[in-house]
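The structure appears below as structure tokens.
The values are calculated or read from the model by the stated rules, or taken from the named source; none is laboratory data. Just so it is clear, the model here is predicted, and its values are computed rather than measured. Cβ sites come from the backbone with ideal geometry, for glycine too, and all protein chains shown count toward neighbours.
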Amino acid sequence: MIKLDFAEGLFVYFLFWFLTLTILWIREVWRGKVNDWSLSNSRLFHCDNCHYAFLVKDNANITRCPRCNSMCIFRKNRNF
Ligand SMILES: [Zn+2]
């Protein structure tokens, strides 16, 4: 059996929670980077049929509208 006095047990307890919180924090930072969205006009699509504006994650030039499922083509020099 491992003998621990009160100070060592308290140290192990705090070390356990410190490591747990560190792992959870690193996981949250990693998830934030993976699911990162940045707003820019080059990623903002506008559907001509239903006038729904939506974001596309990659730099695609053509995609489908999530509302009406029609094809949307990215046009440069749009005036919103
Ligand atoms: Zn649409």
With the condition kept exactly as written, say whether any residue in segment 34-42 is farther than 26 Å from residue 75 by Cβ and in a helix (DSSP H, G or I). yes
Would you check which residues across segment 34-68 are under 20 Å from the mean Cα position of the chain (by Cα), at pLDDT 85 or above and not hydrophobic (A, V, I, L, M, F, W, C) and list them? 66
Take residue 2 and tell me if it is modelled with pLDDT under 95 and of a type in the set (Val, Ile, Thr). yes
